[in-house]
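Contents: one structure, followed by commentary.
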Amino acid sequence: MLKSRLTIPGLLTALAVQVAPAAAQEITPHRAVYSVIALERGRPSAGTPGTYAYELRLTCEGYVINQRLRLEVTGPRASVANEQQSQMSESRDGRHLRFEHRTSVSGRQSTVFKGEATLGDGGSGEARFSEPGGQTVALPARTMFPVAISRETIRQAKAGGNGFDALFFFGDKVKPPQLVNILIGKVPKRLADVKIPDGTESLVDGHGRIYYRAGFFDAQSGGQGEPAFEMSSVTLDNGIELYGTHEEGEGGIEYRITRLEALPKPECK
């Protein structure tokens, strides 16, 4: 999952929806590459071209995610390359997450957030950071990690649901989980024919397209006011994303799939 304002109705005011277990919803292991363009007030702009690469592997214990976003930002004197890299592993039951997030500017590392998070039997838990060292964050009950929340979104869409509220922890900052309001709807006409990369029909044939939008709120806001950032996505019901946006303030990015390949499944006893 990537980090103007979209108008999202039904803004989160309380965590009133009980999130059902997503253990039965499986995701296809794959590697994908996306072209990225900049958005200004929700519309494509001329600047900030880039690429986004995403990889999800299955293991016998869970999921391994690698992702990299690279943007070329034009400054007053020269172009600057901004890069964000994330490596995560999440258990199949959604109760344990290891994370490492790095950002760099023109090849020079600027921030690192690294650690692990665990949820107990009651659904609450704690995240412990090794970088910056000694930092911890409490995780309230019903906190969800990246793969778990993706699986739940797909599960609800396939069941005919129109969305849910949750707490989301990613580990890219030493902050409490964000409140997230996910709304599932009909795929817009302009996105109904997002092109599938040639030669990947076996990965996409027979899988329905899911469209959702999500608003992320700082925990201190209680879900009131404007979200910290918003995103939208067209994702197949096997977890392969075809299109997405990430918007914060008046700026943001839009990305579309250009390459796709299957990754092997593990042989587990």
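The set of residues in the range 138-161 that are in a strand (DSSP E or B) and crowded, with 19+ Cβ neighbours inside 10 Å comprises Leu139, Thr143, Met144. The condition (being open to solvent by less than 40 Å² (accessible area, probe 1.4 Å), in a strand (DSSP E or B) and under 21 Å from Ile27 (Cβ atoms)) is satisfied by just one residue among Ala117, Ala127, Ala81: Ala117. Across the range 1-60, what is the total count of residues that are acidic (Asp, Glu) and either part of a loop (DSSP other than H, G, I, E, B) or at pLDDT 90 or above (or both)? Summing the residues that are acidic (Asp, Glu) and either part of a loop (DSSP other than H, G, I, E, B) or at pLDDT 90 or above (or both) in the range 1-60 gives 2. Gly134 meets the conditions (1) open to solvent by less than 70 Å² (accessible area, probe 1.4 Å); (2) small (Gly, Ala, Ser); (3) out of contact with any helix residue (DSSP H, G or I) (no Cβ under 9 Å at 6 or more places or on another chain) in every case but one. The failed one is (1).
The number of residues in the range 220-267 being at pLDDT 90 or above, within 18 Å of the chain's Cα centre (by Cα), among the small types (Gly, Ala, Ser) and part of a strand (DSSP E or B) comes to 3.
Quick one: count up the residues across the range 167-181 that are open to solvent by less than 10 Å² (accessible area, probe 1.4 Å) and either closer than 29 Å to Glu83 by Cβ or not in a strand (DSSP E or B) (or both). Explain how you work it out, then say what you get.
Our first condition is that a residue be open to solvent by less than 10 Å² (accessible area, probe 1.4 Å); within the range 167-181, this holds for 169, 171, 177, 180-181.
Those left that are additionally either closer than 29 Å to Glu83 by Cβ or not in a strand (DSSP E or B) (or both): 169, 171, 177, 180.
The qualifying residues number 4.
Does Ser202 fit the bill of being surrounded by fewer than 17 Cβ atoms within 10 Å (Cβ to Cβ) and either small (Gly, Ala, Ser) or in a loop (DSSP other than H, G, I, E, B) (or both)? Answer is yes for this residue.
Against the criterion of being open to solvent by less than 20 Å² (accessible area, probe 1.4 Å) and within 25 Å of Arg31 (Cα to Cα), Phe164 does not qualify. Right, Arg213: under 23 Å from Lys175 (Cα atoms) and not in a loop (DSSP other than H, G, I, E, B) or not? The answer is yes for Arg213. Checked across the range 208-229, the condition of being open to solvent by less than 10 Å² (accessible area, probe 1.4 Å), in contact with a Leu (Cβ under 7 Å, 6 or more places away or on another chain), aromatic (Phe, Trp, Tyr) and under 24 Å from Thr59 (Cα atoms) holds for no residue.
The values are calculated or read from the model by the stated rules, or taken from the named source; none is laboratory data. Everything quoted here is computed from the prediction, not taken from an experiment. Don't worry about glycine lacking a Cβ; one is built from the backbone with ideal geometry, like all the others, and counts go over all protein chains shown. Note: accessible area is taken over every heavy atom of the protein model, side chains too, but ligands, DNA and RNA are not part of it. Shrake-Rupley method; radii C 1.70, N 1.55, O 1.52, S 1.80 Å.
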